[in-house]
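Scroll down for the structure; my scribbles are underneath it.
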Amino acid sequence: MPARPIDLHAHTSVSDGTETPSQLVRAAAEAGLGTIAITDHDSTAGWQEAFTAAEGTGLTIIPGMELSTNYGPASVHMLAYLFDPLNAEIVTETARIRDGRLHRAERIVERIAADYDLTWDDVIAESSDGTTLGRPHIADALVRKGHVPNRSAAFESILHWRGSYYEKYYAPSPLEGVRMIVAAGGVPVLAHPATYGKYRPMTDSVIRKLADEGLFGLEIDHRDNTHDGKERLRVLASKLGLEITGASDYHGVGKPNLLGENTTTPDVLEKLIARGTGSAPFAG
Ligand code: AMP
Ligand code: FE
Ligand code: FE
Ligand code: ZN
(Lines give C-alpha, C1' and ligand atoms only; values in the text may rest on other atoms or scores of the structure.)
(Ligands and ions follow the chains in the order given, each with its own letter.)
Protein backbone atom coordinates (compact mmCIF):
# COMPACT_ATOMS: atom_id res chain seq x y z
CA MET A 1 0.00 0.00 0.00
CA PRO A 2 1.48 3.40 -0.89
CA ALA A 3 2.21 5.68 2.06
CA ARG A 4 -0.52 8.22 2.68
CA PRO A 5 0.39 11.81 1.66
CA ILE A 6 2.38 14.10 3.98
CA ASP A 7 1.54 17.82 3.95
CA LEU A 8 3.75 19.94 6.23
CA HIS A 9 2.24 23.44 5.94
CA ALA A 10 -1.33 24.43 6.83
CA HIS A 11 -3.06 27.34 8.56
CA THR A 12 -6.12 27.60 10.79
CA SER A 13 -8.20 30.39 12.30
CA VAL A 14 -5.48 30.70 14.97
CA SER A 15 -3.83 32.78 12.23
CA ASP A 16 -5.10 33.50 8.72
CA GLY A 17 -6.71 30.18 7.78
CA THR A 18 -10.51 30.11 7.60
CA GLU A 19 -11.05 26.77 9.39
CA THR A 20 -10.63 25.99 13.08
CA PRO A 21 -7.91 23.45 13.99
CA SER A 22 -10.65 20.79 14.36
CA GLN A 23 -12.05 21.60 10.93
CA LEU A 24 -8.57 21.46 9.40
CA VAL A 25 -7.93 18.03 10.92
CA ARG A 26 -11.28 16.75 9.66
CA ALA A 27 -10.59 18.11 6.17
CA ALA A 28 -7.13 16.50 6.14
CA ALA A 29 -8.51 13.14 7.26
CA GLU A 30 -11.26 13.35 4.62
CA ALA A 31 -8.67 14.22 1.95
CA GLY A 32 -6.92 10.93 2.83
CA LEU A 33 -3.73 12.51 4.15
CA GLY A 34 -1.53 10.49 6.50
CA THR A 35 0.32 13.39 8.13
CA ILE A 36 -0.34 17.10 8.41
CA ALA A 37 1.62 19.87 10.12
CA ILE A 38 -0.30 22.71 11.74
CA THR A 39 1.80 25.80 11.00
CA ASP A 40 -0.03 28.95 12.01
CA HIS A 41 1.80 32.27 11.76
CA ASP A 42 3.72 33.06 14.98
CA SER A 43 1.45 30.94 17.19
CA THR A 44 1.16 27.46 18.67
CA ALA A 45 -2.34 28.10 20.05
CA GLY A 46 -3.94 25.55 17.71
CA TRP A 47 -1.81 22.53 18.62
CA GLN A 48 -3.90 21.09 21.43
CA GLU A 49 -7.21 21.37 19.60
CA ALA A 50 -5.63 19.73 16.54
CA PHE A 51 -4.31 16.81 18.64
CA THR A 52 -7.69 16.28 20.27
CA ALA A 53 -9.49 16.41 16.93
CA ALA A 54 -7.04 13.92 15.41
CA GLU A 55 -7.75 11.21 17.97
CA GLY A 56 -9.10 8.13 16.25
CA THR A 57 -8.72 9.52 12.72
CA GLY A 58 -5.44 7.74 11.92
CA LEU A 59 -3.94 11.12 11.00
CA THR A 60 -0.55 12.14 12.42
CA ILE A 61 -0.14 15.79 13.45
CA ILE A 62 3.27 17.45 13.34
CA PRO A 63 3.13 20.48 15.66
CA GLY A 64 4.63 23.48 13.90
CA MET A 65 4.53 27.20 13.24
CA GLU A 66 5.42 29.63 10.46
CA LEU A 67 7.70 32.16 12.14
CA SER A 68 7.79 35.67 10.66
CA THR A 69 11.25 37.06 10.03
CA ASN A 70 12.48 40.20 8.30
CA TYR A 71 15.40 40.40 5.94
CA GLY A 72 15.84 43.98 4.77
CA PRO A 73 12.56 45.00 3.16
CA ALA A 74 11.45 41.38 2.70
CA SER A 75 9.17 39.36 4.96
CA VAL A 76 10.74 35.89 5.07
CA HIS A 77 8.77 32.96 6.48
CA MET A 78 10.52 30.24 8.49
CA LEU A 79 8.67 27.00 9.17
CA ALA A 80 9.45 25.47 12.54
CA TYR A 81 8.57 21.93 13.58
CA LEU A 82 8.65 19.93 16.81
CA PHE A 83 10.07 22.73 19.00
CA ASP A 84 9.21 23.25 22.65
CA PRO A 85 6.16 25.59 22.65
CA LEU A 86 7.03 26.68 26.20
CA ASN A 87 10.61 27.68 25.36
CA ALA A 88 11.01 31.14 26.93
CA GLU A 89 12.55 32.82 23.90
CA ILE A 90 9.93 31.40 21.53
CA VAL A 91 7.12 32.50 23.85
CA THR A 92 8.50 36.03 24.29
CA GLU A 93 9.47 36.57 20.68
CA THR A 94 6.22 35.29 19.15
CA ALA A 95 4.22 37.41 21.63
CA ARG A 96 6.24 40.44 20.51
CA ILE A 97 5.62 39.66 16.84
CA ARG A 98 1.86 39.15 17.38
CA ASP A 99 1.64 42.41 19.32
CA GLY A 100 3.51 44.24 16.56
CA ARG A 101 1.16 42.71 13.97
CA LEU A 102 -1.88 43.91 15.95
CA HIS A 103 -0.73 47.53 16.13
CA ARG A 104 0.44 47.50 12.55
CA ALA A 105 -2.98 46.21 11.45
CA GLU A 106 -4.63 49.04 13.40
CA ARG A 107 -2.50 51.61 11.59
CA ILE A 108 -3.15 50.04 8.18
CA VAL A 109 -6.89 50.09 8.87
CA GLU A 110 -6.70 53.70 10.05
CA ARG A 111 -5.14 54.72 6.74
CA ILE A 112 -7.59 52.68 4.65
CA ALA A 113 -10.50 54.14 6.63
CA ALA A 114 -9.57 57.60 5.35
CA ASP A 115 -10.47 56.43 1.82
CA TYR A 116 -12.90 53.52 2.27
CA ASP A 117 -15.81 52.61 4.51
CA LEU A 118 -13.97 50.31 6.91
CA THR A 119 -13.67 50.20 10.71
CA TRP A 120 -11.46 48.31 13.15
CA ASP A 121 -14.57 46.47 14.35
CA ASP A 122 -15.11 45.17 10.80
CA VAL A 123 -11.65 43.60 10.94
CA ILE A 124 -12.12 42.17 14.43
CA ALA A 125 -15.37 40.60 13.24
CA GLU A 126 -13.34 38.61 10.67
CA SER A 127 -10.93 37.16 13.22
CA SER A 128 -11.24 34.81 16.15
CA ASP A 129 -10.08 35.70 19.67
CA GLY A 130 -6.31 35.84 20.13
CA THR A 131 -5.61 35.20 16.46
CA THR A 132 -2.34 36.27 14.84
CA LEU A 133 -3.71 39.25 12.94
CA GLY A 134 -2.63 39.87 9.39
CA ARG A 135 -3.63 41.50 6.15
CA PRO A 136 -5.88 38.50 5.31
CA HIS A 137 -8.27 39.57 8.09
CA ILE A 138 -8.32 43.12 6.73
CA ALA A 139 -8.88 41.62 3.27
CA ASP A 140 -11.88 39.64 4.53
CA ALA A 141 -13.38 42.83 5.97
CA LEU A 142 -12.83 44.63 2.66
CA VAL A 143 -14.58 41.75 0.88
CA ARG A 144 -17.48 41.83 3.35
CA LYS A 145 -17.85 45.59 2.72
CA GLY A 146 -17.91 44.98 -1.02
CA HIS A 147 -14.73 46.93 -1.81
CA VAL A 148 -13.01 43.90 -3.42
CA PRO A 149 -14.29 40.52 -4.65
CA ASN A 150 -11.84 38.28 -2.71
CA ARG A 151 -8.63 38.10 -0.66
CA SER A 152 -6.38 37.85 -3.69
CA ALA A 153 -7.90 40.98 -5.22
CA ALA A 154 -7.36 42.84 -1.94
CA PHE A 155 -3.68 41.83 -1.92
CA GLU A 156 -3.28 42.98 -5.51
CA SER A 157 -4.77 46.40 -4.77
CA ILE A 158 -5.49 48.01 -1.38
CA LEU A 159 -3.23 45.71 0.66
CA HIS A 160 -0.32 45.53 -1.78
CA TRP A 161 3.05 45.81 -0.02
CA ARG A 162 4.05 48.64 -2.36
CA GLY A 163 0.79 50.50 -1.72
CA SER A 164 0.39 53.57 0.46
CA TYR A 165 -1.57 51.80 3.22
CA TYR A 166 1.06 49.14 3.82
CA GLU A 167 3.57 48.91 6.61
CA LYS A 168 5.79 46.18 8.00
CA TYR A 169 5.83 44.68 11.48
CA TYR A 170 8.56 43.69 13.89
CA ALA A 171 10.20 40.31 13.35
CA PRO A 172 13.66 38.84 14.03
CA SER A 173 16.13 38.11 11.23
CA PRO A 174 16.04 34.71 9.46
CA LEU A 175 19.35 33.82 11.13
CA GLU A 176 17.99 34.67 14.59
CA GLY A 177 14.87 32.65 13.70
CA VAL A 178 16.86 29.54 12.82
CA ARG A 179 19.00 29.86 15.96
CA MET A 180 15.94 30.32 18.16
CA ILE A 181 14.08 27.33 16.67
CA VAL A 182 17.10 25.04 16.99
CA ALA A 183 17.66 26.19 20.59
CA ALA A 184 14.05 25.20 21.34
CA GLY A 185 14.69 21.67 20.03
CA GLY A 186 12.92 22.45 16.77
CA VAL A 187 13.55 21.86 13.09
CA PRO A 188 13.66 24.95 10.82
CA VAL A 189 12.67 24.83 7.15
CA LEU A 190 12.75 27.91 4.95
CA ALA A 191 9.18 28.41 3.63
CA HIS A 192 8.56 29.01 -0.09
CA PRO A 193 12.07 30.49 -0.66
CA ALA A 194 11.61 31.28 -4.36
CA THR A 195 8.35 33.17 -4.54
CA TYR A 196 10.04 36.38 -5.52
CA GLY A 197 10.46 37.74 -8.99
CA LYS A 198 13.49 39.82 -9.78
CA TYR A 199 14.14 40.76 -6.18
CA ARG A 200 15.52 37.69 -4.48
CA PRO A 201 16.24 38.17 -0.76
CA MET A 202 17.22 34.57 -0.04
CA THR A 203 20.37 34.30 -2.13
CA ASP A 204 22.55 31.20 -2.15
CA SER A 205 24.98 32.81 0.28
CA VAL A 206 22.23 33.78 2.75
CA ILE A 207 20.83 30.24 2.63
CA ARG A 208 24.35 28.88 3.18
CA LYS A 209 24.60 30.91 6.41
CA LEU A 210 21.20 29.60 7.55
CA ALA A 211 22.38 26.05 6.79
CA ASP A 212 25.50 26.62 8.91
CA GLU A 213 23.20 27.71 11.77
CA GLY A 214 21.15 24.50 11.57
CA LEU A 215 18.54 24.96 8.82
CA PHE A 216 17.08 21.51 8.02
CA GLY A 217 15.48 22.06 4.67
CA LEU A 218 13.91 24.14 1.93
CA GLU A 219 10.21 24.07 1.06
CA ILE A 220 10.80 23.78 -2.67
CA ASP A 221 7.58 22.05 -3.73
CA HIS A 222 5.19 24.94 -3.08
CA ARG A 223 2.90 26.53 -5.66
CA ASP A 224 4.31 30.03 -5.18
CA ASN A 225 7.94 29.14 -5.96
CA THR A 226 8.95 30.04 -9.50
CA HIS A 227 10.02 27.27 -11.89
CA ASP A 228 13.55 28.66 -12.21
CA GLY A 229 13.74 29.17 -8.46
CA LYS A 230 12.89 25.52 -7.81
CA GLU A 231 15.62 24.35 -10.19
CA ARG A 232 18.19 26.60 -8.53
CA LEU A 233 17.17 25.54 -5.03
CA ARG A 234 17.32 21.82 -5.83
CA VAL A 235 20.95 22.23 -6.88
CA LEU A 236 21.68 24.32 -3.78
CA ALA A 237 19.95 21.85 -1.44
CA SER A 238 22.05 19.01 -2.75
CA LYS A 239 25.22 21.11 -2.44
CA LEU A 240 24.46 22.15 1.16
CA GLY A 241 22.97 18.84 2.32
CA LEU A 242 19.56 20.42 2.93
CA GLU A 243 16.36 18.35 2.74
CA ILE A 244 13.55 19.21 0.33
CA THR A 245 9.97 19.49 1.54
CA GLY A 246 6.69 20.04 -0.26
CA ALA A 247 3.40 21.32 1.13
CA SER A 248 0.14 23.02 0.29
CA ASP A 249 0.18 26.12 2.55
CA TYR A 250 -3.56 25.49 2.93
CA HIS A 251 -5.61 28.46 4.26
CA GLY A 252 -9.13 26.99 4.03
CA VAL A 253 -11.14 29.10 1.59
CA GLY A 254 -8.69 32.00 2.10
CA LYS A 255 -6.49 30.77 -0.74
CA PRO A 256 -6.96 28.38 -3.68
CA ASN A 257 -4.25 26.04 -2.26
CA LEU A 258 -5.63 22.51 -1.73
CA LEU A 259 -4.60 20.06 0.99
CA GLY A 260 -2.02 17.59 -0.33
CA GLU A 261 -1.39 19.48 -3.59
CA ASN A 262 2.34 19.27 -2.77
CA THR A 263 3.80 16.68 -0.43
CA THR A 264 6.94 15.64 1.43
CA THR A 265 8.49 12.18 1.10
CA PRO A 266 8.32 9.69 4.02
CA ASP A 267 12.11 9.54 4.33
CA VAL A 268 12.38 13.32 4.79
CA LEU A 269 9.59 13.22 7.39
CA GLU A 270 11.46 10.46 9.20
CA LYS A 271 14.63 12.58 9.35
CA LEU A 272 12.63 15.62 10.48
CA ILE A 273 11.04 13.64 13.32
CA ALA A 274 14.44 12.25 14.32
CA ARG A 275 15.82 15.81 14.46
CA GLY A 276 13.02 17.42 16.49
CA THR A 277 13.40 17.11 20.25
CA GLY A 278 11.22 19.92 21.66
CA SER A 279 7.83 18.27 21.14
CA ALA A 280 6.49 15.06 19.63
CA PRO A 281 4.24 14.19 16.69
CA PHE A 282 0.73 13.24 17.70
CA ALA A 283 -0.45 9.96 16.17
CA GLY A 284 -4.23 10.13 16.05
P1 AMP B 1 0.79 39.73 6.52
O2 AMP B 1 1.32 38.60 7.35
O3 AMP B 1 -0.18 40.55 7.24
O4 AMP B 1 1.88 40.57 5.90
O5 AMP B 1 0.02 39.05 5.30
C6 AMP B 1 0.66 38.04 4.56
C7 AMP B 1 -0.22 36.80 4.53
O8 AMP B 1 -1.25 37.04 3.60
C9 AMP B 1 0.50 35.55 4.05
O10 AMP B 1 0.74 34.69 5.13
C11 AMP B 1 -0.43 34.88 3.10
O12 AMP B 1 -1.06 33.79 3.71
C13 AMP B 1 -1.51 35.90 2.82
N14 AMP B 1 -1.50 36.29 1.40
C15 AMP B 1 -0.49 36.86 0.71
N16 AMP B 1 -0.84 37.08 -0.56
C17 AMP B 1 -2.11 36.61 -0.70
C18 AMP B 1 -3.03 36.54 -1.77
N19 AMP B 1 -2.72 37.01 -2.99
N20 AMP B 1 -4.24 36.00 -1.54
C21 AMP B 1 -4.57 35.53 -0.32
N22 AMP B 1 -3.75 35.58 0.74
C23 AMP B 1 -2.53 36.11 0.56
FE1 FE C 1 -0.81 33.10 5.68
FE1 FE D 1 4.26 31.90 4.21
ZN1 ZN E 1 1.99 29.69 5.21
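The values are calculated or read from the model by the stated rules, or taken from the named source; none is laboratory data. Worth saying up front: this structure is predicted, and the values here are computed from it rather than measured. Here Cβ is always computed from backbone atoms with ideal geometry, including for glycine, and neighbour counts include all displayed protein chains. The area values use the complete protein model at the heavy-atom level, side chains included, leaving out ligands, DNA and RNA. Shrake-Rupley method; radii C 1.70, N 1.55, O 1.52, S 1.80 Å.
Odds and ends about this structure:
- Dipole of the chain computed with +1 at Lys/Arg Cβ and -1 at Asp/Glu Cβ about the Cα centre; of Met202, Ala3, Ser279, farthest Cα towards the positive end is Met202.
- Overall, the chain carries a charge dipole of about 760 debye about its Cα centre when +1 sits on the Cβ of Lys and Arg and -1 on the Cβ of Asp and Glu, all other atoms neutral.
- Solvent accessible area, Å² - Arg200, 1.4 Å probe, full protein context: 120
- Counting protein heavy atoms only, the chain has 52 percent of its accessible area on carbon and sulfur, 1.4 angstrom probe.
- The alpha-carbon of Lys271 sits under 20 angstrom from the alpha-carbons of these lysines, leaving out residues fewer than 8 places away in its chain: Lys239.
- Lys/Arg +1, Asp/Glu -1 at C-beta; segment 1-139 dipole; positive extreme among Leu24, Gly64, Val14: Gly64
- Considering only Thr265, Ala237, Gly217, the residue lying farthest towards the positive end of the dipole of the chain is Ala237, judged by Cα position with unit charges set on Cβ.
- Using only alpha-carbon positions in the chain, the gyration tensor eigenvalues give semi-axes of 28, 22, 18 Å once each is multiplied by 5 and square-rooted (largest first).
- Considering only beta bridges that DSSP places wholly inside the chain, some 45 percent are antiparallel.
- Degrees separating the helix 88-113 axis from the principal Cα axis of the chain, which is the longest one: 30
- Accessible surface computed residue by residue for the chain, with neighbouring protein chains in place and a 1.4 Å probe, gives 43 Å² per residue.
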